[in-house]
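The structure appears right after this line, and notes come after that.
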Amino acid sequence: MRRERIKLAIFGAPAAFKRPLYTGAPIVERQSEQRYFAWMKQAFRRNCFTNNGPLLQRLEKEVAGIHSVKHCVAVCNATIAQMLLLKSLGLRGEVILPSFTFIATAHACLWQGLKPVFCDIEPDTLTIDAEKAQRLINKKTSAIIGVHLFGNVCNIGELERLAKNYKLKLIFDAAHAFKCSLGDKSIGGFGNAEMVSFHATKLFSTFEGGAVLTNDKELACRVSVLRNFGFTGYDKVEFLGINAKMPEASAAMGLASLPAIGRRISHLKKNYFIYRKSLVSIPGISLVSLGLKGRSNYQFMPILVEEDKFGVSRDILYDILWKENVIARRYFYPGCHRMHPYKSLYPDAGRGLSVTEDIAGRILCLPMGLQYPERDIGTIRDIIITVHSNAGKIREWKTNRG
Ligand code: T4K
């Protein structure tokens with residue numbers, strides 16, 4: 001472990017970085033920006049800006065191809081994609097999902113009138129624990145939702161077995177898993193369907209956006225009708241639909257970004273391994289392994305802080321990093337079950353979530369898409385080492401501040 005070189009901002013030194021380093025800062029290369037304007041020019045020439053335009057259709061075809069699935073239905077964001085999917089599958093009653101996920105996974109269920117039943121996660125992949133999910137199944141259960149968190153693909157084999165044995169629908173929230181795979185099989189074709197997010201903070205962005213990926217033609221058709229108010233033809237509405245369409249401006253951004261995806265993943269993977277090498281020997285800091293069972297896209301850099309060995313808690317490290325302009329995030333603290341409305345609706349929902357509680361209290365995601373990784377990750381490492389070496393002084397500072 002190298003000696004620290006940093007004077008900490010909490011003790012009056014200037015912040016280590018002049019500008020904030022964000023976790024989730026959009027990645028847009030100059031070439032992608034140029035391609036975006038070229039695609040938009042086409043939209044202006046055609047005078048076509050939304051309602052299943054040619055750019056959208058092209059994007060859907062390309063995204064389906066990348067994930068080796070038959071259908072991609074793109075919509076305005078992944079939360080709405082999940083809601084349309086739940087409705088299209090005609091689900092009722094209870095849905096089992098991890099609490100350790102972005103709140104949208106739970107909200108989409110409740111908006112559809114489904115009761116989210118929170119399940120614990122595996123300690124290594126941080127994805128839903130299939131064995132514990134089995135214990136939560138009852139007569140009211142209609143589906144299981146796995147989340148490929150941080151690009152770690154769920155224990156799909158076990159979840160498929162459960163879904164088959166108990167006649168449940170199986171859905172995957174693949175918001176973090178664009179271009180990830182299990183073995184050599186890409187995400188997109190597992191379960192009944194999977195949702196991906198194209199939010200600006202994601203590896204692949206359409207500013208806002210998302211999609212349902214599936215091999216089920218009928219399901220894809222239903223989602224696509226629902227995203228357009230339920231229209232099945234001019235003057236003909238057959239379902240309670242909504243406006244969830246993706247405009248051409250978003251599709252243009254997607255088409256502009258697609259050629260850069262391979263390079264982005266290589267860059268993020270390189271950053272991940274620089275981080276790994278830099279942080280691995282710091283006592284009390286461990287890295288969440290990515291791509292354990294397949295291919296990850298490395299868009300997140302999650303670490304775990306063990307207070308006893310590191311010297312200060314995750315939350316103190318988090319505060320210190322922010323003061324240094326390292327905008328780390330506690331994704332996904334404190335777990336959905338501890339947030340409203342779930343906390344008030346289901347006060348007992350935390351039972352059996354011991355791994356979730358532990359991980360939520362220790363997780364920290366560090367900035368990933370850095371332009372100068374060697375230099376900046378080195379500085380982040382030095383801050384973390386300095387915190388560890390000065391843990392006693394920092395605890396005293398924290399106690400005095402109250
Ligand atoms: N399922 C899972 C597992 C998810 O993680 C998500 C979304 C969903 C479902 C739902 O997908 P969508 O419906 O959103 O398509 C962000 C995103 O809004 C959200 O999409 C994402 N997950 C979640 C993990 O992160 P925030 O509120 O934490 O992001 P925010 O605004 O603080 O942005 C992160 C950082 O990025 C900021 O510190 C600044 C920087 N940033 C952000 C934006 C938008 C920029 O520099 N420029 C920008 O334009 O939720």
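The values are calculated or read from the model by the stated rules, or taken from the named source; none is laboratory data. Just so it is clear, the structure is predicted and the values come from calculations on it, not from any experiment. So basically every Cβ, Gly included, is an ideal-geometry build from the backbone, and we count neighbours across all protein chains shown. The protein model used for the area step is the full one, side chains on, heavy atoms only, and it has no ligands, DNA or RNA in it. Shrake-Rupley method; radii C 1.70, N 1.55, O 1.52, S 1.80 Å.
Things worth noting here:
- Qualifying strands (runs of 3 or more DSSP E) (wholly inside segment 184-245; at least 2 residues being more than 27 Å from residue 257 (Cβ to Cβ)): 231-233
- Given (1) open to solvent by 20 Å² or more (accessible area, probe 1.4 Å); (2) away from the ligand (no atom under 16 Å from the Cβ); (3) of a type in the set (Gly, Ala, Ser), index of the condition residue 15 fails: (2)
- Qualifying residue in segment 167-175 (condition: surrounded by 23 or more Cβ atoms within 10 Å (Cβ to Cβ) and assigned to a loop (DSSP other than H, G, I, E, B)): yes
- Some residue of segment 183-191 being in the same structural domain as residue 127 (by TED's automatic domain parsing), touching a Phe, Trp or Tyr at 6+ places or on another chain (Cβ under 8 Å) and not aliphatic (A, V, I, L, M): yes
- Residue in segment 20-39 that is within 16 Å of the ligand (Cβ to nearest atom), more than 25 Å from residue 261 (Cβ to Cβ) and touching a residue at least 40 places away in the same chain (Cβ under 8 Å) present: yes
- Residue list for segment 176-203, restricted to those being crowded, with 24+ Cβ neighbours inside 10 Å and within 12 Å of the ligand (Cβ to nearest atom): 176, 177, 178, 194, 195, 196, 197, 198, 203
- Residues of segment 129-158 that are under 30 Å from residue 269 (Cα atoms) and within 16 Å of the ligand (Cβ to nearest atom): 145, 146, 147, 148, 149, 150, 151, 152, 153, 154.
- Residue 106 fulfils the conditions (1) in a helix (DSSP H, G or I); (2) under 20 Å from residue 219 (Cα atoms); (3) in contact with a strand residue (DSSP E or B) (Cβ under 8 Å, 6 or more places away or on another chain) except for a single criterion, (2).
- Hits in segment 286-317 - residues which are under 17 Å from residue 124 (Cα atoms), aliphatic (A, V, I, L, M) and open to solvent by 10 Å² or more (accessible area, probe 1.4 Å): 287, 290, 292, 304
- The single condition from (1) surrounded by 22 or more Cβ atoms within 10 Å (Cβ to Cβ); (2) in contact with a Cys (Cβ under 7 Å, 6 or more places away or on another chain) that residue 212 fails is (2).
- Restricting attention to segment 323-375, the residues that are assigned to a loop (DSSP other than H, G, I, E, B) and either over 18 Å from residue 313 (Cβ atoms) or open to solvent by 10 Å² or more (accessible area, probe 1.4 Å) (or both) add up to 25.
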